[in-house]
Amino acid sequence: MAARCSIAFMVMASCLSVVVSGGLPGDLFAHSVASKLRVDRDTTARASSDFGRIVAAAPEAVLHPATPVDIAELVRFSASSPSPFPVAPRGQGHSARGQSLAPGGVVVDMRALAARRGRVNVSAGGAGAAPYVDAGGEQLWAEVLRATLEHGLAPRVWTDYLRITVAGTLSNAGIGGQAFRHGPQITNVLELDVITGRGDMVTCSRDKEPDLFFAVLGGLGQFGIITRARIGLEPAPKRVRWVRLAYSDVVTFTRDQELLISKRASEAGFDYVEGQVQLNRTLTEGPKSTPFFSRFDIDRLVGLASESVSGVIYFIEGAMYYNESTTASVDQKLTSVLEQLSFDKCFVFTKDVSYVQFLDRVREEERILRSIGMWDVPHPWLNLFVPQSRILDFDTGVLKGVFVGANPVGVILMYPMNRNMWDDRMTAVSGNDDMFYVVGLLRSAVVPGDVERLERENEAVLAFCDNEGIGCKQYLPHYASQDEWRSHFGPKWSRVTELKVKYDPYGILSPGQRIFSSLTPMALVAM
């Protein structure tokens, strides 16, 4: 108990030193990294907000590193300062609640490293060695894809959007439609280069410095800054049969999804499985066509929704990968899978696209949204892991309760994952049931008052889950209190605090997560 209190006190003391530092030490600007620091208003303003457009907080400076050594020197300087200042790595700034911000400190523009050649290197394997890619943490997944495809290879698991960085997704988990089979992106990492909160540059893996390796994966930037990741590869397909199946009944929809992800890899029909929810007003008042659905398709879906009692319809989105040598069998394989499912009759939609087109599908939607000024708007997103045993209750209480009459601009995701594909040694938190659902309320605020309204709805969703005892976990989490963070990490909490002291004893890294900044002396004693 005494040791635990001592650890907690160190965390508290370090956080307080950051909070009261009141700016950067003057001698920082005489340091060797000074030439790479920018303090002009335009630069700090760009680092003062993120994709969410909900939180704004200005750093004192932005570091444009030429090499990872520059980052280590900055962190080491802060750690040795009488008043350590916060340091936050920022890739594309795609966080939603200020997690990539560093109020009063220094934001590290990780993308500056992308200007240096040789930051993506592919090993094609052979002679019994498995293929892999070494990618700088600042690299976009789209850049990794481009490099690996030159060797006919690709990572196994992808997020839906590829214009985000390797380190950014690995700091959270990295989930997508392939995770039911291969786990999240973090389970496919073989090795990391990490800069700790002490400024140490460490290479780690499952066998070398495993404490740091497992801490950083899904660690929300609390234990180190990822500057390189070695990621396993597999042969890349050339083509994708892309399928969407419509359902008017949630029971059938969830049963079919669970069937698809429960099959052993050798029996699996789809290589990718996700699901979406469409509210009736979203269909009737939304775009008349999309990159996937034609105007005729949407008219048919509006008719299906109007026949539904709730006005809610669901889609299973699946993908089958294939090559020229397997073209003849993909139709037969798809027919065999569809015969096992119970989607609404005649509501099957298919497209045949290249592998790159499929993986980068959100890019086209981004272009459309940018063209009409609806990309750089507030995104009060809420992502939850919902236990499979309570997903029907969630559907009733939220999608057909809290959201009755709602007309969201954006996407609602809803698809299951297998918990046994997650590694509990990693910091990342998964769902509680053996199978759990990802529910992504990815809504955008496009007119005045939307932010406040959507935030109230998010609060109502969380209140419903709490009141009904639905043990949800947030993905890309954001909490306002220490108790909420303690509940989020559950049995991992004590280990998280110990690792924080070990690798970031001065509370320097990623303060925007607000995991430790709200600690009080009384709370520390209770630990």
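Consider L304 carefully, then state whether it is in contact with a Ser or Thr (Cβ under 7 Å, 6 or more places away or on another chain) and under 20 Å from T254 (Cα atoms). Judged against the criteria, L304 is a match. Within the range 119-160, the set of residues being among the hydrophobic types (A, V, I, L, M, F, W, C) and part of a helix (DSSP H, G or I) comprises W141, A142, V144, L145, A147, L149.
The condition (being under 23 Å from F436 (Cβ atoms) and part of a strand (DSSP E or B)) is satisfied by just one residue among V353, V386, V398: V386.
Residue-level check: of (1) in a helix (DSSP H, G or I); (2) touching a helix residue (DSSP H, G or I) at 6+ places or on another chain (Cβ under 8 Å); (3) under 30 Å from P59 (Cα atoms); (4) of a type outside the set (D, E, K, R), I515 misses just (1). The number of residues in the range 424-437 that are under 21 Å from W485 (Cβ atoms), crowded, with 17+ Cβ neighbours inside 10 Å and either at pLDDT 95 or above or assigned by the TED database to the domain that holds P210 (or both) comes to 6. Residues that are more than 24 Å from Y503 (Cβ to Cβ) and touching a Lys or Arg at 6+ places or on another chain (Cβ under 6 Å) within the range 63-108 comprise just one, H64.
Scanning the range 264-301 for residues that are among the charged types (D, E, K, R) and either in contact with a Ser or Thr (Cβ under 8 Å, 6 or more places away or on another chain) or at pLDDT 85 or above (or both) turns up D271, E274, R295, D297, D299, R300.
The single residue among P287, P291 that is open to solvent by 60 Å² or more (accessible area, probe 1.4 Å) and not small (G, A, S) turns out to be P287. Picking from residues in the range 124-160 that are in contact with a Pro (Cβ under 8 Å, 6 or more places away or on another chain) and open to solvent by 40 Å² or more (accessible area, probe 1.4 Å), the one that is nearest to Y355 (Cα to Cα) is H151. Considering each residue of the range 440-457 in turn, none proves to be of a type in the set (S, T, Y) and under 22 Å from A173 (Cβ atoms).
The number of residues in the range 52-87 that are open to solvent by less than 20 Å² (accessible area, probe 1.4 Å) and aromatic (F, W, Y) comes to 1. Name the helices (runs of 4 or more DSSP H) wholly within the range 161-257 that hold at least 1 residues that are of a type in the set (S, T, Y) and either open to solvent by 10 Å² or more (accessible area, probe 1.4 Å) or touching a residue at least 24 places away in the same chain (Cβ under 8 Å) (or both)? Qualifying helices (runs of 4 or more DSSP H): 166-170. V377 passes every criterion in (1) within 24 Å of C472 (Cβ to Cβ); (2) in contact (Cβ under 8 Å) with a residue 60 or more places away in the chain; (3) of a type in the set (V, I, T) apart from (1). Looking only at residues in the range 405-423 that are assigned to a loop (DSSP other than H, G, I, E, B) and touching a Ser or Thr at 6+ places or on another chain (Cβ under 8 Å), the one that is most open to solvent (accessible area, probe 1.4 Å) is N407. In the range 129-141 there is no residue matching the filter, namely being more than 30 Å from L442 (Cα to Cα) and out of contact with any strand residue (DSSP E or B) (no Cβ under 9 Å at 6 or more places or on another chain).
Can you tell me which of L392, L442, L454 is touching a residue at least 40 places away in the same chain (Cβ under 8 Å) and open to solvent by less than 10 Å² (accessible area, probe 1.4 Å)? Criteria check complete, one pass: L454. Scanning the range 51-106 for residues that are at positive phi and under 16 Å from the mean Cα position of the chain (by Cα) gives G93, G98. Can you tell me how many residues in the range 369-383 are open to solvent by 70 Å² or more (accessible area, probe 1.4 Å) and in a helix (DSSP H, G or I)? Number of matching residues: 2. Does any residue of the range 491-498 turn out to be crowded, with 20+ Cβ neighbours inside 10 Å, more than 26 Å from Y247 (Cα to Cα) and not assigned by the TED database to the domain that holds Y272? So far as the range 491-498 goes, yes, one or more of its residues are crowded, with 20+ Cβ neighbours inside 10 Å, more than 26 Å from Y247 (Cα to Cα) and not assigned by the TED database to the domain that holds Y272.
The values are calculated or read from the model by the stated rules, or taken from the named source; none is laboratory data. Note that the structure is a prediction, hence the values are computed from the model and not measured. With ideal geometry, Cβ positions are generated from the backbone for all residues, glycine too; neighbour counts draw on all protein chains shown. Each accessible area value is taken on the protein alone, full model and side chains, heavy atoms only, with ligands, DNA and RNA left out. Shrake-Rupley method; radii C 1.70, N 1.55, O 1.52, S 1.80 Å.
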